[in-house]
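These notes are about the structure you will find just below.
Nothing in this text is a laboratory measurement; each read-out follows from the coordinates by a stated rule. Note that the structure is predicted; figures quoted are calculated from it, not measured. In this analysis, Cβ positions are derived from the backbone assuming ideal geometry, glycine residues included, and neighbour counts consider all displayed protein chains.
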Amino acid sequence: MGRTYLFECSKCGYRAWVAGGADEGEHFAVQTIACADCKALHDAVVRFKASTRLRENPPRTAPKFAAVLNRLPPRGALQWLKFKPVCPVSPLHCIRIWKQPDKCPRCGIFLEQNAIPFRIWD
């Protein structure tokens, strides 16, 4: 089961609801990234289970986290589709892998993680 946490910056007030690193559920996996262009943290989908129809014509880019989170579980023969982590705003943005404890993408001090998960997903 994957978990989403609230990360907060005590200096600039930035808030992000992300996994805080690599995390995996039953149907998809994410990697938290820091986008230098957006100056924000995002959960990028790096793997998800696809049905036969999607395997025959796979998408070029990974779906956004919200789209994968809200879709119905796939049925039938399943296979993992893998993607490179990219910014969900634009695949042309410069990103780096973010794993807590790490720094705020806006001001550069370490972010504080909330102890209780904001969301638990499959």
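Observations on the structure shown:
- Residues L6, L72 arranged by fewest to most Cβ contacts within 10 Å: L72, L6
- Order of I97, I120 under a 10 Å beta carbon neighbour criterion, fewest first: I120, I97
- Here K82 is the anchor, and the lysines within straight C-alpha reach of less than 24 Å, apart from those fewer than 8 places off in the same chain, are K49, K64, K99.
- With θ taken as phi - 60° and the Karplus curve 6.51 cos²θ - 1.76 cosθ + 1.60 applied, the whole-hertz 3J(HN,Hα) list for region 9-19 is 9, 6, 8, 9, x, 5, 10, 9, 10, 9, 6 Hz, x standing for glycine and proline.
- Shape parameters for region 1-48, alpha-carbon atoms, Rg then Dmax in Å: 11.5, 36
- Options A44, P63, P117, ranked by Cα towards positive dipole end of region 44-122, top entry (Cβ charges): P63
- Ordered by the number of other Cβ atoms lying within 10 Å of each residue's own Cβ, fewest first, T32, T61, T4 fall into the sequence T61, T4, T32.
- Working note: 222 nm ellipticity from helices only, DSSP H runs with n ≥ 4, each -39,500 (n - 2.57), summed and divided by the residues of the chain, gives -1500 deg cm²/dmol to the nearest 500.
- Cα principal axis extents for region 2-121, largest first, Å: 48, 32, 18
- Note on K11: aspartates and glutamates with a C-alpha under 13 Å away, same-chain residues under 8 apart excluded, are E112.
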